[in-house]
1. So E32 fits all but one of (1) in the same structural domain as G11 (by TED's automatic domain parsing); (2) without any contact (Cβ under 8 Å) to a residue 40 or more places away in the chain; (3) under 15 Å from the mean Cα position of the chain (by Cα); what number is the exception?
2. For segment 142-161, which positions are of a type in the set (S, T, Y) and without any contact (Cβ under 8 Å) to a residue 60 or more places away in the chain?
3. Run down V153, V88, V92, V126 and say which single residue is outside the structural domain of S39 (by TED's automatic domain parsing), buried (at least 19 other Cβ atoms within 10 Å of the Cβ), within 14 Å of the chain's Cα centre (by Cα) and more than 30 Å from K28 (Cβ to Cβ).
4. Output yes when any residue across segment 132-141 is touching a Pro at 6+ places or on another chain (Cβ under 6 Å), free of Cβ contacts under 8 Å to residues at least 60 places away in the same chain and surrounded by 13 or more Cβ atoms within 10 Å (Cβ to Cβ), and no when none is.
5. Just to be sure, is V70 among the β-branched types (V, I, T), surrounded by 12 or more Cβ atoms within 10 Å (Cβ to Cβ) and more than 19 Å from the chain's Cα centre (by Cα)?
6. Is there a residue being at pLDDT 85 or above and not small (G, A, S) anywhere in segment 39-47?
7. Which of the residues spanning segment 107-131 are closer than 14 Å to A87 by Cβ and free of Cβ contacts under 8 Å to residues at least 12 places away in the same chain?
8. Determine which member of the set L22, L30, L12 is of a type outside the set (G, A, S) and touching a strand residue (DSSP E or B) at 6+ places or on another chain (Cβ under 8 Å).
Amino acid sequence: MAQEIKMSASGLKAMQDELEYLKTVRRKELAEEIKEARSHGDLSENSEYDEAKNTQGLVENRITELEQMVKNAVIIDESELSVDSVAVGTHVSIKMIGDDEAEEYDIVGRTEADPINGKISDESPVGHALLGKAVGEKAEVLLPSGQTVEYEVLAITHAAN
């Protein structure tokens, strides 16, 4: 059985849009690039042809990956989402113990993770440790560096899509 992938409605829409683009526009572009490269003669020494074929393989792999993710997507109904504890679809304000500055994150499914923009996966070390925690509770996080840090949950709200 395939693993379900939790995501927001907007995350699913973005994934479906990318899939549609790759299947329609990008496939046609690559077919043209391959046709053009083929017309340049000997394929054994044709780097344009090799590059276009490699790109085609990458695009086909991405299409397959996206189709699987869309098929296994489970949309989070934010209207039914409790903010009593941290879950996928919540926005959290946390503070590392010993640090004065609060950090804020949206907890998202792995396909929507974008740490630079404050979206961390429920499967990341911090996201996973925070799951199920309520305001005032602490979570120990084992970082990839091997260091353990502790966070306190300051606030939980619905994530803004």
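The values are calculated or read from the model by the stated rules, or taken from the named source; none is laboratory data. Remember, it's a predicted structure, so these values are computed and weren't measured experimentally. All Cβ positions, glycine included, derive from the backbone under ideal geometry; neighbour counts span all protein chains shown.
1. Just one mismatch for E32, condition (3).
2. Start the filter on segment 142-161 by keeping residues that are of a type in the set (S, T, Y), which leaves 145, 148, 151, 157.
Of everything in segment 142-161, those that are of a type in the set (S, T, Y) and without any contact (Cβ under 8 Å) to a residue 60 or more places away in the chain turn out to be S145, T148, Y151.
3. On the way: V153 fails: within 14 Å of the chain's Cα centre (by Cα); V92 fails: within 14 Å of the chain's Cα centre (by Cα); V126 fails: within 14 Å of the chain's Cα centre (by Cα).
Matching residue, one of V153, V88, V92, V126: V88.
4. If we filter segment 132-141 for residues that are touching a Pro at 6+ places or on another chain (Cβ under 6 Å), which is where we start, we get 141.
The next check asks that each one be free of Cβ contacts under 8 Å to residues at least 60 places away in the same chain; those that pass are 141.
Pick out the ones that are also surrounded by 13 or more Cβ atoms within 10 Å (Cβ to Cβ) and you get 141.
Yes; the residues of segment 132-141 include at least one that is touching a Pro at 6+ places or on another chain (Cβ under 6 Å), free of Cβ contacts under 8 Å to residues at least 60 places away in the same chain and surrounded by 13 or more Cβ atoms within 10 Å (Cβ to Cβ).
5. Numbers: among the β-branched types (V, I, T): yes; surrounded by 12 or more Cβ atoms within 10 Å (Cβ to Cβ): yes; more than 19 Å from the chain's Cα centre (by Cα): no.
Judged against the criteria, V70 is not a match.
6. Scanning segment 39-47, I find no residue that is at pLDDT 85 or above and not small (G, A, S), so the answer is no.
7. H128
8. Working: L22 fails: touching a strand residue (DSSP E or B) at 6+ places or on another chain (Cβ under 8 Å); L30 fails: touching a strand residue (DSSP E or B) at 6+ places or on another chain (Cβ under 8 Å).
Among L22, L30, L12, only L12 is of a type outside the set (G, A, S) and touching a strand residue (DSSP E or B) at 6+ places or on another chain (Cβ under 8 Å).
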